[in-house]
Amino acid sequence: EAGVAQSPRYKIIEKRQSVAFWCNPISGHATLYWYQQILGQGPKLLIQFQNNGVVDDSQLPKDRFSAERLKGVDSTLKIQPAKLEDSAVYLCASSPGTSEYEQYFGPGTRLTVT
Amino acid sequence: GDSVTQMEGPVTLSEEAFLTINCTYTATGYPSLFWYVQYPGEGLQLLLKATKADDKGSNKGFEATYRKETTSFHLEKGSVQVSDSAVYFCAPGGGKLIFGQGTELSVKP
């Protein structure tokens with residue numbers, strides 16, 4: 001079974017530029033998550049989708065971050081404009097549903113904002 | 001809100017030593033409890049889980065027991081290997097995982 005795919009793996013941009021990350025979840029998984037992991041910290045949930053609807057985006061900085069999940073499968077996370085403090089690893093995860101299911105994580109995208 | 005407190009790292013052990021990483025949590029109700037592991041440069045992998053009180057999760061020689069009365073889920077392994085060097089995250093969750101800061105483990109030969 002293929003795992004969660006993410007691209008790119010690494011990205012370096014200058015502040016005020018825009019960037020987009022892509023995630024392809026495990027086939028058949030209804031729930032998709034985006035996390036931000038700053039160096040030395042645990043992942044922080046940014047947004048959770050159930051199929052193509054948003055379940056929780058309470059910690060998404062909506063003035064600069066946006067995310068979508070078209071057709072309930074792939075998802076993109078965008079940052080525009082980027083700030084220095086956005087430097088982090090962005091992790092995508094998926095699960096068969098909500099509640100007690102474990103989440104399966106992709107390898108992450110390491111973003112460096114200079 | 002829900003939160004989790006993990007033993008601070010880094011933890012440095014010699015190969016074959018006994019490992020304990022403490023984890024306590026606060027949560028509404030009785031969530032499932034998870035331990036995830038992150039190897040250098042990789043995403044998180046599920047290590048083990050427990051879904052109700054007194055359940056014991058186990059995998060690859062690691063164990064953790066869901067203690068409702070002390071709201072704890074401590075991770076243990078009887079004999080660590082160099083390949084166990086990684087960052088370990090405890091996470092209570094019922095659809096939304098809450099991660100602690102992680103505990104870095106370094107095992108020396």
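Figures for the structure shown
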{"item": "Relative frequency of Cα-Cα separations exceeding 28 Å in the protein assembly as shown, percent", "result": "30"}
{"item": "Footprinting exposure proxy for B:28, B:65, A:112 (fewest neighbouring C-beta atoms within 10 Å first)", "result": "B:28, A:112, B:65"}
{"item": "A:46, A:39, B:13, B:75 arranged by Cβ crowding within 10 Å, fewest neighbours leading", "result": "A:39, B:13, A:46, B:75"}
{"item": "Sequence-distant aspartates and glutamates (8 or more away, or on other chains) whose Cα lies within less than 18 Å of residue B:52", "result": "A:100, A:102, B:2, B:63, B:69"}
{"item": "Burial ordering of A:33, A:104, fewest other beta-carbon atoms within 10 Å first", "result": "A:104, A:33"}
{"item": "Listed residue pairs exceeding 25 Å between alpha carbons, taken from A:62/B:96; B:56/B:96; A:44/B:77; A:15/A:62; A:83/B:49", "result": "A:44/B:77; A:83/B:49"}
{"item": "Size-normalised alpha-carbon gyration radius of chain A, reference 2.2 N^0.38 Å", "result": "1.00"}
{"item": "Check: chain B dipole with +1 on Lys, Arg Cβ and -1 on Asp, Glu Cβ, in debye", "result": "280"}
{"item": "Dipole magnitude (debye, nearest 20) for chain A, charges at Cβ of Lys, Arg, Asp, Glu", "result": "480"}
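No value in this document is a laboratory result; all are computed from the given coordinates. It should be emphasised that the depicted structure is a prediction, and the values quoted were computed from it without experimental measurement. Virtual Cβ from ideal backbone geometry, glycine too; neighbours counted across all protein chains shown.
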